[in-house]
Amino acid sequence: MPESPYDGKDIEQWGGITDTLIKLHPLKPDEIVEIVLKSWDDIFNSKIGSFQIGKEIFPAPQMLSFFLHELIAHNLGLKYPDLYKVGTEKSEKDVHSIKEPLHSIEIKASSHPNQIFANRSSTAISKRTKGQKWIFYYRKF
């Protein structure tokens, strides 16, 4: 696993580090939007048995979230087969960058109407703070 760019940095620096990582990432926002919209189209052009999703069958939000999570990873792997693949190993993120693991991606989808929740990581130290918020300190990226 690559060393985290956050290692040894003060928490106040993390926002700037994140901004830099986003700017350096090979996928640009328009490409991500295109893949996400294609994944939604794939869902609504799919059938379960003889039934069209969104017409005769209406999956629960949790199921739609699962489908979206899976299809984004698969669609990125199809569009960029030399750069990305669906993460299959425990050490890989949802979308594994073949050439540069630092560019691997975790996909977050939620059926909650207002929030997307992050996973707790076994490589993170969590601490409860006032106001019932959780802060995660990541040791490894």
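Within the range 80-114, work out how many residues are open to solvent by 40 Å² or more (accessible area, probe 1.4 Å), more than 16 Å from V36 (Cα to Cα) and not charged (D, E, K, R).
11
Would it be correct to say that L64 is of a type outside the set (S, T, N, Q), open to solvent by less than 40 Å² (accessible area, probe 1.4 Å) and either assigned to a helix (DSSP H, G or I) or touching a residue at least 60 places away in the same chain (Cβ under 8 Å) (or both)?
Judged against the criteria, L64 is a match.
Which is assigned to a loop (DSSP other than H, G, I, E, B) and of a type in the set (D, E), of D30, D42, D19, D7?
Answer to the check: D7.
Step by step: first the residues of the range 82-121, then only those that are within 21 Å of K9 (Cβ to Cβ) and small (G, A, S), then the one that is modelled with the lowest pLDDT. Which residue is that?
Per the stated criteria, the residue is S121.
Quick one: which residue in I43, I35, I72 is in contact with a strand residue (DSSP E or B) (Cβ under 7 Å, 6 or more places away or on another chain), open to solvent by less than 70 Å² (accessible area, probe 1.4 Å), of a type in the set (V, I, T) and touching a residue at least 12 places away in the same chain (Cβ under 8 Å)?
Matching residue, one of I43, I35, I72: I43.
For the range 4-19, which positions are in contact (Cβ under 8 Å) with a residue 12 or more places away in the chain and surrounded by 10 or more Cβ atoms within 10 Å (Cβ to Cβ)?
Selection gives S4, P5, Y6, D7, I17.
The values are calculated or read from the model by the stated rules, or taken from the named source; none is laboratory data. Not measured: the values here are computed from a predicted model. Cβ sites come from the backbone with ideal geometry, for glycine too, and all protein chains shown count toward neighbours. For the accessible areas, the whole protein counts, side chains as well, though only heavy atoms, and no ligand, DNA or RNA atoms are used. Shrake-Rupley method; radii C 1.70, N 1.55, O 1.52, S 1.80 Å.
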